[in-house]
Structure formats: C-alpha cells, structure tokens
Ligand SMILES: [Zn+2]
Ligand SMILES: [Zn+2]
C-alpha cells in the first residue's frame with residue numbers, strides 16, 4: 001500500500017512532490033487547476049520534466065490528480081456540462097503528461113432531478129472525455145450521498161461505468177469517510193469484507209484502483225461529507241486500522257485528504273500514525289487468523 005497525502009501544487013507539480021517528500025509520502029494527490037476557476041492549468045515542458053526528475057529522486061510511486069469540484073458531468077445545464085467535459089479532458093491530458101496513476105472524479109450531481117437521467121448525462125460526458133484523451137485511467141469516487149450526488153452506492157457507480165461505456169480505463173476510488181457517511185458499516189474486518197464483496201459483485205475487483213483514507217466527523221448514514229483527521233472521527237483509530245489492513249487494498253495508493261492538525265492538510269505526523277495503524281491492523285488480522293488455526 002502506497003500511503004500518502006493530498007498536497008498543494010502551488011509553484012508547479014515538482015513543488016507538490018517536495019511537499020510529499022516532506023511528509024514522508026509514498027503517493028501524492030493534487031488538483032490540476034484552481035479549484036474555483038474553470039480555466040485549465042497547462043503544464044510547460046519544463047514543469048513536466050522538473051516533476052519527472054523530482055518524483056524519480058523521491059520515494060513517491062504514485063500521483064493522483066483530483067478533478068476539481070466545479071465539475072458536474074451530470075448537470076442538466078449544457079454550458080456546465082461542456083465546461084466539465086473540457087476540464088475533465090484537460091485533467092486526463094495532464095495525467096498522461098505527468099504519468100499519473102489516475103484522475104479521480106466525483107461523477108456529478110442530479111441535484112433535485114431524475115437520477116437515471118443524470119447518470120446517463122454523466123456517462124456520456126465521461127465517455128467523450130475518455131475518447132478525447134489517452135493513456136490515463138479515470139477513477140470514479142464513491143460519494144457521501146449529499147444533495148443528489150451520484151456514486152453513493154456500488155449500484156450507482158456500476159451504472160455510471162455502464163453509462164460511460166465500460167471503458168477499460170475506468171476504475172474506482174473508494175473513500176472511507178464517504179463509505180461510512182453513505183451508510184456502509186466498515187469499522188470491523190468482517191463488515192468491511194462484506195461491503196467489499198458487494199463492491200466486487202457490482203463493479204469488479206479489477207476496477208478498484210485507488211483509496212482515500214479520511215476519518216468522518218459525521219455518523220454512519222449521515223450523507224454528510226466532513227473529513228476528520230485520522231483516528232479522530234467516527235471511524236476512530238480501530239476503524240482506520242481495519243481499512244488500512246484490508247487485504248484487497250494491498251498495493252493501492254491511499255491518500256489522506258484530512259484537515260490536518262494545523263488546518264493545512266495532512267502532516268508528516270499523521271502519515272506516521274497512518275503507517276502505524278496499518279501495522280496495528282495487520283497484526284490484529286494475523287492474531288485472529290492464528291487464533292482460528294489454533
Ligand atoms: Zn475523497
Ligand atoms: Zn469527501
């Protein structure tokens with residue numbers, strides 16, 4: 001498992017690598033454009049080369065690019081949809097240029113409209129973005145389910161992938177806070193295994209490509225997306241340890257998108273705690289399976 005953090009790309013993508021290194025990250029996630037403006041950020045050849053040199057010299061093995069939250073591929077407003085398409089293509093092109101593991105996307109929101117029609121609209125935009133780009137995977141993120149957001153269940157994520165044509169570049173990003181908020185109990189090894197069985201049946205294990213570890217300020221089924229620092233929310237240290245040690249998550253990049261102790265994002269200390277909780281979770285699983293054999 002490549003444990004890391006969402007970091008700022010201010011000053012260029014090589015600076016994001018430096019911020020990851022400072023935090024002891026093995027994976028980083030960035031926004032590829034200003035989260036509040038439609039204008040795509042294009043990277044120069046020099047910036048791409050500097051990024052390549054920085055990441056090669058680091059222990060970071062995966063870059064995720066998070067599409068900004070302005071996007072709503074499911075909007076019934078054609079202008080918003082075409083802006084979302086252009087921005088998503090730019091993200092996928094940036095991902096290909098930087099050799100990203102994937103672009104992570106919240107598929108969009110039906111607002112108060114019909115969910116089936118919203119899924120069809122989002123699927124069409126995603127299919128077109130994939131057709132207009134190449135080389136970078138696109139991971140749809142599960143959502144907390146607030147206000148008509150699509151992707152609150154594995155059924156809905158599978159429907160989105162179907163509507164997008166089932167392209168081989170489509171994958172899934174699972175967020176621990178969003179799972180709990182959308183009503184999935186994941187705080188014991190058995191409960192998480194059952195949730196993943198459902199995920200595998202609906203979406204397929206080969207689609208599972210990246211992870212977000214966030215604790216949740218709000219309780220199970222609240223449909224409210226409020227990240228808490230690792231161990232400080234409804235998941236708690238034990239729930240985070242379960243998520244971090246799930247065998248089907250082995251090898252995947254996992255990034256924290258937490259507020260952080262100084263409200264400036266995940267810190268080196270929080271990443272160290274995360275690694276320790278993974279070890280704790282693995283030890284608990286070994287003790288249980290040893291107990292069963294004995
Ligand atoms: Zn997330
Ligand atoms: Zn969230």
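Read the figures in this text as sums done on the coordinates, not as results from a lab. Since this is a predicted model, take the numbers as computed values, not measurements. Because the Cβ atoms are built from the backbone with ideal geometry, glycine has one as well, and the counts that use them run over all protein chains shown.
Which FRET efficiency value, to the nearest 0.05, do you get for residue 261 and residue 86 by plugging their Cβ-Cβ distance into 1/(1 + (r/R0)^6) with R0 = 30 Å? The computed FRET efficiency comes out at 0.20. The value of relative contact order for the chain, using C-alpha pairs under 8 Å at least six residues apart, is 17 percent.
Restricting attention to segment 148-294, close to 20% of DSSP beta bridges with both partner residues there are antiparallel. The overall shape of segment 17-60, judged from the alpha-carbon gyration tensor, is oblate: a/c is not under 1.5, and a/b is no greater than b/c. For the peptides 240-248, 173-181, the ranking by mean Cβ contacts within 10 Å, running from highest to lowest, is 173-181, 240-248. Result for the chain in a Gaussian network model with C-alpha springs under 10 Å: among 151, 166, 11, the largest mean-square fluctuation is at 11. For segment 2-293, the gyration tensor built on C-alpha atoms gives an oblate shape. Its axis ratio a/c (a ≥ b ≥ c) is at least 1.5, and a/b is not larger than b/c.
Beta bridges from DSSP with both residues in the chain: antiparallel share about 10 percent, rounded to the nearest 5.
Each of 128, 46, 59 was scored by other Cβ atoms within 10 Å of its Cβ. Arranged with the fewest first, they read 46, 59, 128. Cα centroid separation, segment 66-106 to segment 1-37: 18 Å.
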